[in-house]
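K.L.:
First the structure, then my questions, so here it is.
Laboratory data are not the source of any read-out in this text; all were calculated from the coordinates shown. None of the values given here were measured: they were computed from a predicted structure. Note: ideal-geometry Cβ built from the backbone for every residue, glycine included; neighbour counts use all protein chains shown.
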Amino acid sequence: MQRLLVVVAAAFAIAGITACEGGVIPKQEIVLPEGDAARGQEAFVALECTACHTIRDMELPAPEEFGPVAIALGGKVSKVKSYGELVTSVINPSHRLARNPFKQPITKDGQSIMPIYGDVMTVTQMVDIVAFLESKYEGIERPGYQYPVYNY
């Protein structure tokens with residue numbers, strides 16, 4: 001009986017050590033400062049995001065050499081992108097590529113043609129641009145298909 005208790009205690013100890021050494025992944029959260037939408041609009045234009053992106057219901061100056069892509073951002077959508085999704089889209093554009101119904105050239109060798117701004121954009125510019133983009137989306141409800149009710 002004592003031998004069984006030692007084996008059980010050892011098993012619990014090994015399980016505990018394993019959990020501490022990577023079996024349990026701690027929650028990771030990054031909290032960035034709040035952005036300013038007006039400054040975000042200025043940064044969006046200054047960094048020439050308008051070369052490839054338009055904002056629905058807004059007229060923004062485009063660079064002289066307008067790119068071949070015109071991905072519309074903002075507007076009424078059934079699923080508004082989260083803050084994290086917007087940040088990820090800005091700093092890692094190849095993470096999840098946009099749907100491309102018009103078959104515009106948005107990738108090259110499987111990577112987004114959007115430049116990686118990590119060495120160009122400040123954190124302040126990024127949070128401001130995300131605040132600007134967040135302010136341009138409006139969530140709407142799109143009722144799902146209603147199956148007809150048959151009375152037999």
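K.L.:
Could you order peptides 73-80, 47-54 by the average number of other Cβ atoms within 10 Å of their residues, highest first?
P.N.:
47-54, 73-80
K.L.:
Work through the residues other than residue 122 whose Cβ is under 12 Å from its Cβ and net out their charges, Lys, Arg +1 and Asp, Glu -1.
P.N.:
Within the 12 Å Cβ shell, the charges total -1.
K.L.:
What does the charge count near residue 37 come to, summing +1 for each Lys or Arg and -1 for each Asp or Glu among other residues with Cβ under 11 Å from its Cβ?
P.N.:
Value of the local net charge: -3.
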